[in-house]
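Beneath this line is the structure, given in structure tokens, with notes to follow.
The values are calculated or read from the model by the stated rules, or taken from the named source; none is laboratory data. Treat the numbers as computed from the prediction; the structure is a model and nothing was measured. Glycine gets a Cβ as well: all are built from the backbone with ideal geometry, and neighbour counts include every protein chain shown. For the accessible areas, the whole protein counts, side chains as well, though only heavy atoms, and no ligand, DNA or RNA atoms are used. Shrake-Rupley method; radii C 1.70, N 1.55, O 1.52, S 1.80 Å.
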Amino acid sequence: MMFPRRVEGPAAPPLNPRVAVIAGVLFVSSSAILIRLATPHPLSIAFHRMAFAALLTAPRFISAGPSRLLRLSLTDLALALASGAFLALHFASWISSLFLTSVASATVLVNLNPVFVVVLGFVFLGERIGAKAFMWVLVAVAGSVVLALGGTTVGETATAGNLLAIGGAVSVSAYMLIGRFLRPRVDAGAYNMMVYGTSAMFLLLWCVVAGVDLGPYAGREYVLFALLAVFPTLLGHSVFNWALRYVRASFVATSVLGEPVFATILAVFFFAEIPTAWTLAGGAMILTGIYFFTRREAEFSTQGR
């Protein structure tokens, strides 16, 4: 078994981690729109996003002292590298899916990860969420299915794009669980730098092997890369990584189900992808599931059952 059965809770955080996660969801929701506005190859977009994110986290990492990495065990270092690899696979799969299917379907399917997180979190971390909380996870996931089946007025979704989005869901689940295991012992700045840097290196290697054009591009593209690094990555994923020290991976994963709702709304204005009644119904189910899950999960965590 890779992980211990239990992750001990740390001291009280300076900010409410649940509120921070919800704010992070809002920033992450901009990701699909920014990606669709970019024109380079999906793998190049993924690489530049992670490279910019790694560069932006480097100053804090350096000022805090890189030598702290030497205090990590080989197992922790290996897991951090694995986390970066899973994040690279997530972005490569999901960004590619956005060019093959609608924003609504891509963001919904990539956010089906709570099922994987809940199951794997129980197996590897011994994290239980309770029957009532799990019921609301299923409601949120069911809403995701309804939203995906509803589609948009743009047309039918592509099977290849949907499969890539599901692949992104599986890989980001592994990334979240590793983060939940490492964050109680690894500083957020060091963890972000290791994961983003490793992810960028894996994506660079992938681009070189696949013969993907890495630029130079027009200045507009680099502005979009920087926006992807700042808003959905640093203000989204980095917030999630920080919160994983204090909350369960299942809470983060289920909260992120709100992303397709907000991304679908933005897609109406940017790409005229008008949601159907099915899409609206699925969105309502997702938000309802998230709301009641977070309440039940918090009660269950406080009771320590």
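Of all the helices (runs of 4 or more DSSP H) wholly in the stretch 232-287, which have at least 3 residues that are aliphatic (A, V, I, L, M), within 21 Å of residue 165 (Cα to Cα) and open to solvent by 40 Å² or more (accessible area, probe 1.4 Å)?
So the answer is 259-271.
Looking only at the stretch 128-150, how many residues end up being modelled with pLDDT of 75 or more and open to solvent by 50 Å² or more (accessible area, probe 1.4 Å)?
Number of matching residues: 7.
Which of (1) open to solvent by less than 10 Å² (accessible area, probe 1.4 Å); (2) at pLDDT 80 or above is the odd one out, the single condition residue 125 does not satisfy?
Going through the list (1) open to solvent by less than 10 Å² (accessible area, probe 1.4 Å); (2) at pLDDT 80 or above, residue 125 breaks only (2).
Of the conditions (1) at pLDDT below 85; (2) crowded, with 24+ Cβ neighbours inside 10 Å; (3) closer than 19 Å to residue 15 by Cβ, residue 294 fails just one. Which one is it?
The single condition residue 294 does not satisfy is (2).
Name every residue in the stretch 13-48 that is open to solvent by 10 Å² or more (accessible area, probe 1.4 Å), within 16 Å of the chain's Cα centre (by Cα) and of a type in the set (S, T, N, Q), in order of residue number.
30
For every residue, the table says whether it meets (1) surrounded by fewer than 18 Cβ atoms within 10 Å (Cβ to Cβ); (2) of a type in the set (D, E, K, R); (3) within 16 Å of residue 52 (Cα to Cα); (4) touching a residue at least 60 places away in the same chain (Cβ under 8 Å).
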{"residue": "171", "(1), (2), (3), (4)": "no, no, no, yes"}
{"residue": "183", "(1), (2), (3), (4)": "no, yes, no, yes"}
{"residue": "198", "(1), (2), (3), (4)": "no, no, yes, yes"}
{"residue": "215", "(1), (2), (3), (4)": "yes, no, yes, yes"}
{"residue": "219", "(1), (2), (3), (4)": "yes, no, yes, no"}
{"residue": "223", "(1), (2), (3), (4)": "yes, no, yes, no"}
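For the stretch 272-297, give me each residue that is under 20 Å from the mean Cα position of the chain (by Cα), under 14 Å from residue 261 (Cβ atoms) and of a type in the set (A, V, I, L, M, F, W, C).
Matches in the stretch 272-297: 286, 287, 290.
Condition check ((1) part of a helix (DSSP H, G or I); (2) at pLDDT 90 or above) across all residues:
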residue: 157; (1), (2): no, no
residue: 160; (1), (2): yes, no
residue: 179; (1), (2): yes, no
residue: 186; (1), (2): no, no
residue: 191; (1), (2): yes, no
residue: 198; (1), (2): yes, yes
residue: 201; (1), (2): yes, yes
residue: 205; (1), (2): yes, yes
residue: 215; (1), (2): no, yes
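From the list 220, 296, exactly one residue is in contact with a Lys or Arg (Cβ under 6 Å, 6 or more places away or on another chain) and not β-branched (Val, Ile, Thr). Which is it? Lay out the reasoning, then the answer.
Working: 220 fails: in contact with a Lys or Arg (Cβ under 6 Å, 6 or more places away or on another chain).
It is 296.
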